1. So how do 285-298, 318-331 stack up, highest first, on mean other-Cβ count within 10 Å?
2. Per residue of segment 17-34, in order, report the coupling 6.51 cos²θ - 1.76 cosθ + 1.60 (Karplus, θ = phi - 60°) as ³J(HN,Hα) in whole Hz, putting x for Gly and Pro.
3. If you take the beta carbon distance between GLU270 and ALA236 as r and set R0 to 25 Å, what does 1/(1 + (r/R0)^6) give as a FRET efficiency, to the nearest 0.05?
4. Only bridges with both residues in the chain count here: give the DSSP antiparallel percent, nearest 5.
5. Once phi is turned into ³J(HN,Hα) by the Karplus curve 6.51 cos²θ - 1.76 cosθ + 1.60 with θ = phi - 60°, what whole-Hz value does each residue of segment 290-295 show in order, with x for glycine and proline?
6. Out of residues 5 or more away from LEU332 or on other chains, whose amide H comes under 5 Å of its own, with H placed 1.01 Å from N in the peptide plane?
7. If amide hydrogens are placed 1.01 Å from N in the peptide plane, which non-local residues have theirs closer than 5 Å to the one on LEU18?
8. Quick check: residue separation of THR66 and GLU259 times 0.36 nm, minus the Cα distance between them. What number comes out in nm?
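Just so you know, all these numbers are worked out from the coordinates, no wet-lab data involved. Not measured: the values here are computed from a predicted model. Cβ placement follows ideal geometry from the backbone for every residue including glycine, while neighbour counts extend to all protein chains displayed.
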Amino acid sequence: MGIQFDAVSMRYGQQTVLQQLNFEIPSGVLTTILGPSGCGKSTLLMLIAGLLKPSTGTIKLPEKTTVGMVFQDYALYPHLTVQENIAFPLKMQHIRKKERQQRVQALATQLQITDCLVKKPHALSGGQQQRVAIARALAKQPGILLLDEPLSNLDARLRLEMRDFLKQLQTQLQITMVIVTHDQDEALHMGQSMLVLNDGVVQQFGRPNQIYQRPQNLFVARFIGNPMINTLSLAALAGALNLTATQQAATATIAIRPESIIAPAEYPSEQLLGTFKGRVNNQETFGSETRTALQIGSKTVISTAINVGQAGDQWGLLKSGVLGYDAAGQLLWAGDEQ
């Protein structure tokens, strides 16, 4: 059994923060919770931790499971050394001193902070403070570890290192780990499962690659992906797509991943959903990636699959990465299912 939400809602006065949540976070994997600021992510995490009580519904955890939590600001005790910070929850549980020392030493070794044990938090870097906070949360050997925006206070290079570290840590410990983030790259990279939240409502829950390839609504499609997915009306493509009459009648919006707009000569025709005419407006290079702006009538779309200086006005759409949505913004079809 994982972490089960049954008809859970959370309200503060007249404001509903979370609405009718029904899902189960799988046991023994790393799940990321992704959404924009203010969507209810941290509230959801505090409900799991038991720091808040839901207004309605129930949350079920495996019996006798201990929960550890790492807060966004780490919440280390400034007057205690690193060793004392890590040992603090064990002291509160009246664990014997010898066992406390053994656990602290083992965690410090595992998280590579043995040289910090006698220091106080103010003497540590952001990455070291984060590792101390994780060690303290792990000291009581939790079956569930919750982390609220754990990488948000770190610089770009350290964020990359720490997201790999957290993945490896979960693999070693085989515990249920839940990480809240507003950064889609972190969520997609770290998560074995991923929940997308907006305005207190679950938009989609599944494997990260599944959510990227099959966003169930336009919010998810637009929120996940960098550069953002292109969206335009079916009419803007002027019959360029090979769709059935039923699909054409029901489709209100076409969404196209930037990597799916290509030079058609470079791919076999069976991989294409159609071709269209477009003028190259601009090209920008971001490291190894080139972003090409194509003008289609009054609309501009972005491609990341066109080479620098590549000329032409005829472009192709790969079946993978082209999606159709109805007037309500719900997924109707995916190009690679055609």
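1. Details: 285-298: 13.2, 318-331: 17.9.
Top to bottom by mean Cβ count within 10 Å: 318-331, 285-298.
2. Calculated HN-Hα couplings, in order: 8, 10, 10, 6, 7, 9, 6, 10, 7, x, 7, x, 10, 9, 10, 9, 10, 10 Hz.
3. Efficiency computed from Cβ-Cβ geometry: 0.50.
4. In the chain, approximately 75 percent of DSSP beta bridges are antiparallel ones.
5. With the stated coefficients, segment 290-295 comes to 10, 9, 10, 8, 10, 8 Hz.
6. Distant-sequence amide H within range of LEU332: GLY324, TYR325, ASP326.
7. Excluding prolines and chain starts, which carry no amide H, the hits are MET10.
8. On the way: separation 193, 0.36 × 193 = 69.48 nm, distance 4.36 nm.
Extra length available between THR66 and GLU259 comes to 65.1 nm.
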